[in-house]
Amino acid sequence: MNSITSFICTLMNRIVFGLLIAMMLIIYRNSHAAELPGIDNWQTHPAIEEVRQLYNQIQQNSSNGIYPTKTRAFKVQATQCGVYPMREKSISLDERGKVRKLVMLQLVSDGAPLRVERFYDERGALRFVFSRLLLTDLRIYLSARGEVIWAMEFYDNKREITERVKGDWETVPATADEALALFNRKEACPEIPPNSTTPTH
């Protein structure tokens, strides 16, 4: 009887010990996954790598025609277009007709071109923003919930962490549906008919 009791106690202790180890591993993995990117690990961080893979997939599918692209171009005329006129915008659509990429090119201060590219996942959430103004590039990485997880500026072979949050102008439109609405929105500049050779500036 004592040997049976001893065996049961030993077995229970091992089970409890195994459960404790499993719980510790789960806690460790969750805390590791929740760790935000930093200057030392952002290039290899799982959250950044996930966005990078999404970006590469969208770029590849857009370039090989799997995601067809629609483009609207506008004739920039100072008397009609107002401040920061839109010069061109385009969208790439997946097989369901969802916007996966939105590109906008507009003229800002002193006529400098500002190019902003936004990339959306299959659920329609904004996951990556790339913008270029003169010699400055900006990259913003977002989670599936739309939270900014990392933002960095690149200028003259230098890089600097920058503060960006959900709701900043670069992160809008935040959904694929909003991106489609923005693409279809009427602009102040007159639109150039498709296949026209009229210059946009």
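Descriptive notes on the structure:
- For the listed peptides 92-99, 157-164, 136-143, a ranking on the average number of other beta carbons within 10 Å per residue, highest first, reads 136-143, 92-99, 157-164.
- At full extension, Q57 and F130 could sit 24.7 nm farther apart than now, given 0.36 nm per residue minus the alpha carbon distance.
- Using the Cβ of V172 as centre and a radius below 11 Å, the other residues enclosed give a net charge of -1, where K and R count +1 and D and E count -1.
- The slack in the chain from E147 to Q80, taken as 0.36 nm per residue of separation less the alpha-carbon distance, amounts to 20.4 nm.
- Computed E for F154/K70 - FRET, C-beta separation, R0 25 angstrom, nearest 0.05: 0.30
- Two-site label geometry, Q43 and K186: point separation in nm, points 7 Å out along Cα→Cβ: 4.9
- Other residues with beta-carbon under 13 Å from the beta-carbon of V83 carry, at +1 per Lys or Arg and -1 per Asp or Glu, a net charge of -2.
- Options W169, A73, M104, ranked by Cα towards positive dipole end of the range 71-201, top entry (Cβ charges): A73
Computed from the coordinates by the stated procedures, all read-outs in this text should not be read as laboratory data. These numbers come from a predicted model, not from an experiment. Note: ideal-geometry Cβ built from the backbone for every residue, glycine included; neighbour counts use all protein chains shown.
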